[in-house]
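Comments concern the structure below.
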Amino acid sequence: MVRLIYAAALLLAVILLNFTLMHLAPGDVADTISQSMGGADEELLIQIRADYGLDQPFIVQLGRYVGGVFQGNLGYSFFYNQSVVSLILERLPATLLLVISAQIVALFFGVLLGAISAQKPDGLLSHAVTFISLFGFSAPVFWTGILLLIGFSLNVQWFPVSGMRDVTIEGGFWAQAVDIARHLVLPMITLASIFLALYSRLARATMMETLKSDFVRTAYAKGLPTRTVVYSHAMRNAMAPVVTLAGLQFSAVFSGAVLVEAVFSWPGLGTLAFQSIIARDTPTILGILFFSSLVVIVGNLITDMILRAMDPRIRSNSA
Amino acid sequence: MSDLDPATAQPSRSPFREAWANFLTNRAAILGLAVLTLIVFGAIFGPVLYGTDPYEMVWAPFSPPGEAGFLLGTDYLGRDLLAMLLSGARVSLLVGLAAALVSIFIGVTIGALAGYYRGIVDEMLMRFTEFFQVLPTLLFSMVLVALFGASLAMITFAIGVVSWTAVARITRTEFMRLREMEFVLASRALGATNRRLMFGVILPNAIPPIIVQSALMVGSAILFEAGLSFLGLTDPNVVSWGQIIGSNRQYILDAGYTVTVPGLAIFITVLSISLVGDGLNDALNPKLRRR
Amino acid sequence: MFHQLKGLAVTAALVSSVAAGAVMAEEPKSGGTLIVPLGTNVRNLNSAVQSGIATGFPGAQLFASPLRYDEDWTPQPYLAESWEVSDDGLTVTLNLVKNAKFHDGTPITSKDVAFSVDVIKANHPFKSMFAPVESVETPDDHTAILKLSQPHPALMLAMSGQLMSIIPQHIYGDVPVDQVKTHPRNNEGTVGSGPFKLVEYKSGEHIILERFDDFFIDGRPYLDKIVMRVISDPAARAIAYENGELHMGAFESLPRIINRLKKVDGLTVTPEGYGAIGPLDWLAMNTQRGPLADVKVRKAIAYAVDKKFIQNALMQGTAADSRTGIHPDSPFYNGDVETYDLDLDKANALLDEAGYPMEDGKRFELTIDFGWPGVKPQVEYVKAALKKVGIDVQVRASADFPTWAKRMGEMDFDLSWDTVFNWGDPVIGVHRTYDSNNIGKGVWSNTQGYSNARVDELMGMAAIESDPEKRKALYAEFQQIIADELPVYHINTLPYHTVYSDKVGNPPLGIWGTSTPLDMTYLKD
């Protein structure tokens, strides 16, 4: 309960900071609206500001906004002519699809590569893992995306260039699903590359430690085949810290998603954020900032709960 | 672990010399350092030695690498990509370094105060740190730069202000551990002021993990800057690597090299920084363990 | 021209097939669903209160205007079956079609015309369209008489396309006229007067329109349905045209994509249909600041900036040359003006003359602004080009549009790249840039601080000149002065192109492009 109250206070502080920042900057969305109209005189701009309550004193606008947020209302986007909550909910599935699939790929291959290479620390594969993880750490993610795009969408046209779906595909659920999956492959690999680096590295380290531990020796002593020991016993053990680490990546995942979405025109929250920043669509920007902080806070709470449930060794490791 | 006497734990040359010796045994780290030195050299002297103005349209647009004497070819305006790359190195390294310094400054200050004073100060500063941890880093920087102008100073600040929390936590942990050490207690008994204890006595001993973290910070700040300028949130008067990629991106069909080459530059730079950082980590760790 | 159009024979014109952008090679066929993309989200479907090209497309389908234009800039009857302009030019009488109905079955009357004019005057950004209209009299249901304070030839174009949408008073009259802009029935339950009615509007996704069976022109529209899908990525649209999944699309402006689509079999890509919208790219120069106050400096800049490079290398040949504030497709265009082909010697000489000698390869500094990322290459080019004559240009970043708009509106700039539309008659979209009474009044006003008494006088005379030939002469002189004094250096037209497949008959290629009703467009087998 205390943690919940604390989380709410944190969110309130986030709102205050964001709201204040947005109001310190010159210009407002009335200018953007006038752009979509082909021009407007000062009189009309004043009218637009009045229509949307932009002429009110700062404290009144802030009060209205905070009041709205606590009723689940993030305001109304002038630019999209839609409520911010519905805008975010509309774009959320695309981002979730991208982020979750990328995380699953990164976790699966990260742990697998880590486990394999841990058995032969000086083997070829181990060096490959080192290289992959260094690449993931050092290559700008948007560049990775563009390289994949050049390689697999332009040179060999295996995957579509951009977007999440071919709007013109008519057909049942499966036709649509296959279409989306084809669009998903490259952005997913791109985003996964950052985290694959992180996870394979950690998985290898924990795996190496685990393989030296008593229970593995016992398993070998019992005469279990290597494959069973490594992939069933040891790997399950090595999973835990990696999963925990994954739980702490919410903020990083979102940052990565912004860039990956920009490269592939993926119609998710990152694209929405970028577009609304360029248009200075204040309610949408505030809404997305608030929403991402909310996700991080809730994510941390959940990770924390998992941490507490796990053994004390992990708890002290992650301090 | 805590059986050190004040004399040997005081900052001295020898642990660092030892670390350097360790570092030299790490081939990857040496390679990283060599490449990094080359890149820094190129950034400082390259533009002067090469002489071509990165903004001048010197040749036909999209001249492929190697043709007409342009080693890396020309971009969509016919500007020399090699000149742009050399000039961009300055910006990328400078912003990376400066942003890392900003975040280290904030992080060390907050971490030191929290770890030293503990109690209510620690509580409040850690809440403050958590506040920054829940901000979506890239998005928040994008908003800052979009709202308040894309000058290099603003970009540096925008990166630094969202990246310091890890440094603060590491510093705090070190300070908490060190402040109970005998040499600190001894200095305190001798009447050292809080400030002297924090920055004169404890900080020098807390430096190794901070150094490792700082090296990694520079790399990630370079990536961060590249991401911002890729999105167009950059000072249009200076060439930066990310910006070259961002503005040439729509021409990848015509001239893929305008995107691949600057990306490779970022990759190699950050890679060598990571290698050096890893090397430092390995080199400084044995000492940490012995302590 | 407009003056002489009194009492046009009506019924004949209605039945005949003269009208917007129609070359009828074969008999039009009824039926079918036309699928078109929208490049941006449409904020508001009610084109009486929302201007802009995004709203124009659906707006012109949902709402009819009194007139429409053919491809020769000649007005044609639409909701008004005939019209008369009095000899003194102060009275314009519209005789409305008798059988016209709104989509809910209510007859369209002159009261609705009067109401629409009120709503447009209260909400639309182009105040000059109806500013001289003092009142609209409605002696009977089918006669609307516009009383003007001065002759206003621009009214003819302002009564066509998307500019004068007739909206139902019984729907939108329940709020004060200046609040129609936020009326709940703008986007939902919209009741229009045009050939298509609204089926569904989903912001950011699609707009679905359906044939209005009681449309006042018999047998029209030909199409059963129009599906407009929001596809903001130009590359995705290009692929969809190629696949034949989109029948037609307008406002394609990426040179690379235009040139790629031109090579595709079964597709036609044309720059026709943008004359009235008249989009122009130019280099704005603040005539009230520093060295730019000197016309010699402005001319030097024009000589140093190579338009051909921008047109050929950056626009890859997709954009036409533009020399004056009026779009080259307009009947008022005068291309016989001072031009500035690349000439660095002349530029240097002019700068020396102006008193800015070259010192260490540098004369003085200027800044340049830009408002959206798409024109960054042009801005970078200007920087590089001016460096050659010793002008050190700093590009000022404005990551978002409002920052730029604010700087422009407050005239806080030296040079800026700008894109401005003509919007039909010069009075609507051209005067605003050069009128000395409109200096620094927000973005797309006279942000250059340009002031020339003769220019003001010429615009004043042209605004009320009813004789088209005399008007043309006035604008010819106006354009010569503008090109000579260079408050802006005109570079090129925006490379807007319309793409349509061989399946589409009668694509909208008239002067208003897609801001006209698609009642004559049809799909072949």
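The values are calculated or read from the model by the stated rules, or taken from the named source; none is laboratory data. None of the values given here were measured: they were computed from a predicted structure. For neighbour counting, all protein chains shown are included, and Cβ atoms are generated from backbone atoms with ideal geometry for every residue, glycine included.
Assessment of segment C:126-143 against the conditions (within 27 Å of residue C:58 (Cβ to Cβ), surrounded by fewer than 21 Cβ atoms within 10 Å (Cβ to Cβ), within 14 Å of chain A (Cβ to nearest Cβ) and charged (D, E, K, R)) yields at least one matching residue. In segment C:413-434, the count of residues that are free of Cβ contacts under 8 Å to residues at least 40 places away in the same chain and either within 14 Å of chain A (Cβ to nearest Cβ) or touching a helix residue (DSSP H, G or I) at 6+ places or on another chain (Cβ under 7 Å) (or both) is zero.
The residue that is nearest to the other protein chains (Cβ to nearest Cβ), among those in segment A:66-110 that are free of Cβ contacts under 8 Å to residues at least 12 places away in the same chain and part of a loop (DSSP other than H, G, I, E, B), is A:81.
Note on segment A:240-297: residues that are hydroxyl-bearing (Ser, Thr, Tyr) and farther than 22 Å from residue A:198 by Cβ amount to 6. For the residues C:388, C:299, the requirement of being out of contact with any Lys or Arg (no Cβ under 7 Å at 6 or more places or on another chain) and within 12 Å of chain B (Cβ to nearest Cβ) singles out C:388.
Please verify whether residue C:383 is more than 10 Å from chain B (Cβ to nearest Cβ), of a type in the set (D, E, K, R) and closer than 30 Å to residue B:149 by Cβ, treating the condition exactly as stated. Step through it out loud before you land on a result.
Numbers: more than 10 Å from chain B (Cβ to nearest Cβ): no; of a type in the set (D, E, K, R): yes; closer than 30 Å to residue B:149 by Cβ: yes.
Taking the combined requirement at face value, the residue does not satisfy it.
Within segment C:337-373, the set of residues being without any contact (Cβ under 8 Å) to a residue 40 or more places away in the chain, surrounded by 12 or more Cβ atoms within 10 Å (Cβ to Cβ), within 14 Å of another protein chain (Cβ to nearest Cβ) and over 15 Å from residue C:302 (Cβ atoms) comprises C:362, C:365, C:372, C:373. The residue of segment C:304-336 that is nearest to residue C:474 (Cα to Cα), among those that are aliphatic (A, V, I, L, M) and touching a residue at least 24 places away in the same chain (Cβ under 8 Å), is C:326.
Quick check: anything in segment B:182-191 away from chain A (no Cβ under 14 Å), among the basic types (Lys, Arg) and part of a helix (DSSP H, G or I)? Yes, segment B:182-191 has at least one match. Within segment A:146-167, residues that are within 22 Å of residue B:244 (Cβ to Cβ) and within 11 Å of chain C (Cβ to nearest Cβ) have Cβ atoms under 6 Å from residues that are outside any helix (DSSP H, G or I) and among the aromatic types (Phe, Trp, Tyr) in these pairs: A:153/A:159, counting only partners at least 6 apart in sequence or on another chain. Only one of the listed residues (C:444, C:512) is within 14 Å of chain A (Cβ to nearest Cβ), within 24 Å of residue C:50 (Cα to Cα) and at pLDDT below 90. That residue is C:444. Checking each residue in segment C:49-93 for being within 14 Å of chain A (Cβ to nearest Cβ) and under 15 Å from the mean Cα position of the chain (by Cα) picks out C:50, C:51, C:52, C:53, C:54, C:55, C:56, C:57, C:59.
Residues in segment B:98-109 that are within 25 Å of residue A:15 (Cα to Cα) and either surrounded by fewer than 24 Cβ atoms within 10 Å (Cβ to Cβ) or within 14 Å of chain A (Cβ to nearest Cβ) (or both): B:102, B:106.
Evaluate segment A:28-37: report whether one residue or more is without any contact (Cβ under 8 Å) to a residue 12 or more places away in the chain, more than 9 Å from chain C (Cβ to nearest Cβ) and in a helix (DSSP H, G or I). Checking segment A:28-37: not a single residue is without any contact (Cβ under 8 Å) to a residue 12 or more places away in the chain, more than 9 Å from chain C (Cβ to nearest Cβ) and in a helix (DSSP H, G or I).
Picking from B:226, B:283, which residue would you name as being touching a residue at least 12 places away in the same chain (Cβ under 8 Å), within 12 Å of chain A (Cβ to nearest Cβ) and part of a helix (DSSP H, G or I)?
On the way: B:283 fails: within 12 Å of chain A (Cβ to nearest Cβ).
Selected residue: B:226, the only one of B:226, B:283 that is touching a residue at least 12 places away in the same chain (Cβ under 8 Å), within 12 Å of chain A (Cβ to nearest Cβ) and part of a helix (DSSP H, G or I).
The rows are residues; the columns are (1) over 23 Å from the mean Cα position of the chain (by Cα); (2) hydrophobic (A, V, I, L, M, F, W, C).
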site: A:74; (1), (2): no, yes
site: A:91; (1), (2): no, no
site: A:98; (1), (2): no, yes
site: A:101; (1), (2): no, no
site: A:105; (1), (2): no, yes
site: A:132; (1), (2): no, yes
site: A:150; (1), (2): yes, yes
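Condition test on residue B:115, is it surrounded by 20 or more Cβ atoms within 10 Å (Cβ to Cβ) and under 15 Å from residue B:166 (Cα atoms)?
Working: surrounded by 20 or more Cβ atoms within 10 Å (Cβ to Cβ): yes; under 15 Å from residue B:166 (Cα atoms): yes.
Yes: the conditions hold for residue B:115.
Mind telling me which of the residues C:475, C:489 ends up being touching a helix residue (DSSP H, G or I) at 6+ places or on another chain (Cβ under 9 Å), surrounded by fewer than 23 Cβ atoms within 10 Å (Cβ to Cβ) and at pLDDT 95 or above? Unique residue meeting the criteria: C:489.
Applying the selection to segment C:198-214, what residues are in a strand (DSSP E or B) and either in contact with a helix residue (DSSP H, G or I) (Cβ under 7 Å, 6 or more places away or on another chain) or within 14 Å of chain A (Cβ to nearest Cβ) (or both)? Hits for segment C:198-214 are C:198, C:201, C:202, C:206, C:207, C:208, C:209.
Look through segment B:117-171, keep the residues that are outside any helix (DSSP H, G or I) and closer than 29 Å to residue A:272 by Cβ, and return whichever of them is farthest from the other protein chains (Cβ to nearest Cβ). Write out each step before concluding.
Kept after step one, since they are outside any helix (DSSP H, G or I), are these residues of segment B:117-171: B:118, B:134-136, B:149-151, B:164.
Then drop every residue that is not closer than 29 Å to residue A:272 by Cβ, which leaves B:134-136, B:149-151, B:164.
On the way: B:134: 4, B:135: 6, B:136: 4, B:149: 6, B:150: 4, B:151: 8, B:164: 14 Å.
Of everything passing the filter in segment B:117-171, B:164 is farthest from the other protein chains (Cβ to nearest Cβ).
Answer with yes or no whether residue C:397 is surrounded by 17 or more Cβ atoms within 10 Å (Cβ to Cβ), away from chain A (no Cβ under 14 Å) and among the small types (Gly, Ala, Ser). Against the criterion (surrounded by 17 or more Cβ atoms within 10 Å (Cβ to Cβ), away from chain A (no Cβ under 14 Å) and among the small types (Gly, Ala, Ser)), residue C:397 does not qualify. Restrict the check to segment B:25-32 and report whether at least one residue is surrounded by 15 or more Cβ atoms within 10 Å (Cβ to Cβ), touching a residue at least 60 places away in the same chain (Cβ under 8 Å), out of contact with any strand residue (DSSP E or B) (no Cβ under 6 Å at 6 or more places or on another chain) and assigned to a loop (DSSP other than H, G, I, E, B). Checked segment B:25-32: at least one residue is surrounded by 15 or more Cβ atoms within 10 Å (Cβ to Cβ), touching a residue at least 60 places away in the same chain (Cβ under 8 Å), out of contact with any strand residue (DSSP E or B) (no Cβ under 6 Å at 6 or more places or on another chain) and assigned to a loop (DSSP other than H, G, I, E, B). When segment C:224-267 is limited to residues that are more than 14 Å from chain A (Cβ to nearest Cβ) and assigned to a loop (DSSP other than H, G, I, E, B), the one that is nearest to the chain's Cα centre (by Cα) turns out to be C:253. Can you name every residue in segment C:436-452 that is of a type outside the set (Gly, Ala, Ser) and either over 22 Å from the mean Cα position of the chain (by Cα) or under 18 Å from residue A:28 (Cβ atoms) (or both)? Within segment C:436-452, C:437, C:441, C:443, C:444, C:450, C:452 qualify. Any chance segment C:215-223 includes a residue that's surrounded by fewer than 24 Cβ atoms within 10 Å (Cβ to Cβ) and outside any loop (DSSP other than H, G, I, E, B)? Within segment C:215-223 (the criterion being surrounded by fewer than 24 Cβ atoms within 10 Å (Cβ to Cβ) and outside any loop (DSSP other than H, G, I, E, B)), the answer is no, since none of the residues qualifies.
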